[in-house]
Each structure stands twice: as C-alpha cells, then as structure tokens.
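The values are calculated or read from the model by the stated rules, or taken from the named source; none is laboratory data. Note that the coordinates shown come from a computational prediction; the quantities given were computed from them, not determined experimentally. Don't worry about glycine lacking a Cβ; one is built from the backbone with ideal geometry, like all the others, and counts go over all protein chains shown.
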Amino acid sequence: MIRVTHARLEHPSLPTLELNGQDGLRVVGFDLGWPEAREVANPRAGADGEIDETRFHSGRVVSMTLSVTDPGKLDALMAFTNPGLRPTLRYRVRGGGQRMIRLRASDLSRPVEFGVAEVDVQWRAPDGVAESVDLETQQLNPAEDVEGRTYDLTFDRSYPESQGAGRITVVNEGSATAYPIIRFYGPLEDPLLENETSDRQLRFEISISAGDYLEVDTANRTARLNGLAENSRYDAFDFPTSQWWGLRPGGNLLRFAPDSSSQPAVAEVRWRAAWL
C-alpha cells in the first residue's frame, strides 16, 4: 500500500490546489490503479495456446476520495476536472520522495450536502506511469578512437574495467522504463547515442552547427532543431540502424559516438525516474 502524506493538483492555467486538508480539501482515499497491458496476442495455429508478444502498457485509472470542509473549494476542484486539461498530481510517498503523474478527468461524484461532504474523482493517467519530480541530467563527451602502442607485458595486478571514452552510466531509480529527452549540441556530424544495456541505438544523419542542438524526445518520438516544433528533423532519423529506446530500471550504459565532432559538442540526457 502506498502511503501518501501530501498531494496537490497543478496546471499552468490554474492556481495550485492543495489536498492536505489545510485549504478545505483532504485526500482520504487514493488508488493509483495499475497500467493496462496493451495486449498483442494471436492464436497459435494448429496448437493450443497463443503467441503472446505483449511488451507495452497503456494508461491507468487513478481514483481519489476527497473530504470537503470548505464548500467553496469545490469550484476550484471542478476547474481541474475539465477533460480538455492535463493537470499534474504531485504527491509524496512516505519513504519514497516526491512523485507526479499526468491526469485527465474521467468521472466524478459530487453529493450536494451541507457541512462536510466527500467527493469521488476518477482520472485517466494517459502515460500509465508516475515519475520523479526531480529531473536528472547527465552529459557525455564524444567517444574518441585513439590508437596507441602495444606492449608484450603482463602485471600481477588487476584494475576495474573502465567505461571508456564517450561512455557513462545513467540510473533510472524507478520500476518502469523512463523515456529521456536527448540534446545533441554541435558542432558535430551524424550523432549516435547507443544504450549498450538494451543493445539499441539512436542515429541521425544531420549536421549540427556550433550554437545549435537537436532535441530528441524518445517518448513522443520527435526530433527538432533547437527544440522548435516548426524545425522538425524527423526525416534525419536513420531508420535502417536505429531503434527508439528508453532507460530500463537500474543502470544503463550509454555511448555517444558521432561520425565527427569538435569542442564543445556534447550529448545531454535528461530523464525522470518512472514507476508503475
């Protein structure tokens, strides 16, 4: 059971709504539900059973029961139940830090009573996961192929294995795949970022000038020069060699190896830990 000690609803167009009881609203019941499996299964021809290739989940239902001691706060709550909005629920898990989940209103029961009342709200969480409030960032310098001399010598001492130039381990502390946003800063040619843990790579056939960057959103599968929607570079995606990937729970060894680069070219990886 998840013990929630504090919760609030947020949206850029609305005042933040605290759900801790101090402002007339308090969460008395909270069910995060479970992401629905997006089944991909077909009957096994000529045999019992089925061929099940299910890999991904869909959205989930989040339910809340709220105790209302200030009837005036109901109007504030109603503003967050507009189905056209995607508010964020932030909550603190006892012993687990702050998390957040994006919502869309689905159903609501609003009894008309005097005094204390309880309101039941159901939300749809389209992403299916909760994320850490804290955004993690790591930068990778380009890998360098350096040829050195070979010596026929051995030593009676062992050293820990190096990750090597252009490599870094990033950690997803959650229990679900986290989809990062990656920025390739120029000057460089044909950036490649490989997740060696999952044996997948992202490569783009593009020249990025100094002062520019290519922003790659792995969740929404977009590639935009300088992050601008009107500057899509999705056509630069190298389809024969690339596969979209996310960060598995735990450590992920990444390798940044553009075809060519010069300072101050880097790859920047931004992600939030994700939980089912």
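Of the residues examined, residue 81 is one that is touching a strand residue (DSSP E or B) at 6+ places or on another chain (Cβ under 7 Å), of a type in the set (S, T, N, Q), assigned to a loop (DSSP other than H, G, I, E, B) and not assigned by TED's automatic domain parsing to the domain that holds residue 244. When residues in segment 163-201 are screened for being touching a Phe, Trp or Tyr at 6+ places or on another chain (Cβ under 6 Å), polar (S, T, N, Q) and surrounded by fewer than 17 Cβ atoms within 10 Å (Cβ to Cβ), 2 of them pass.
Residues that are closer than 22 Å to residue 249 by Cα and either crowded, with 18+ Cβ neighbours inside 10 Å or not polar (S, T, N, Q) (or both) within segment 202-220 comprise 202, 216, 217, 218, 219, listed in sequence order. Condition (residue is in contact (Cβ under 8 Å) with a residue 60 or more places away in the chain and in contact with a strand residue (DSSP E or B) (Cβ under 7 Å, 6 or more places away or on another chain)) applied to segment 233-246: is it met by at least one residue? Within segment 233-246 (the criterion being in contact (Cβ under 8 Å) with a residue 60 or more places away in the chain and in contact with a strand residue (DSSP E or B) (Cβ under 7 Å, 6 or more places away or on another chain)), the answer is yes, since at least one residue qualifies. I'd like to know if segment 69-77 contains one or more residues that are among the hydroxyl-bearing types (Ser, Thr, Tyr) and surrounded by fewer than 13 Cβ atoms within 10 Å (Cβ to Cβ). Scanning segment 69-77 turns up no residue that is among the hydroxyl-bearing types (Ser, Thr, Tyr) and surrounded by fewer than 13 Cβ atoms within 10 Å (Cβ to Cβ). Checked against (1) under 23 Å from residue 36 (Cβ atoms); (2) of a type in the set (D, E, K, R); (3) at pLDDT below 95; (4) not in a strand (DSSP E or B), residue 120 meets all criteria but (4). Against the conditions (1) small (Gly, Ala, Ser); (2) loosely packed, with under 13 Cβ neighbours inside 10 Å; (3) touching a residue at least 60 places away in the same chain (Cβ under 8 Å), residue 46 satisfies every one except (3).
On the stretch given as segment 19-45, residues that are closer than 18 Å to residue 117 by Cβ, in contact with a strand residue (DSSP E or B) (Cβ under 7 Å, 6 or more places away or on another chain) and not hydrophobic (A, V, I, L, M, F, W, C) total 4.
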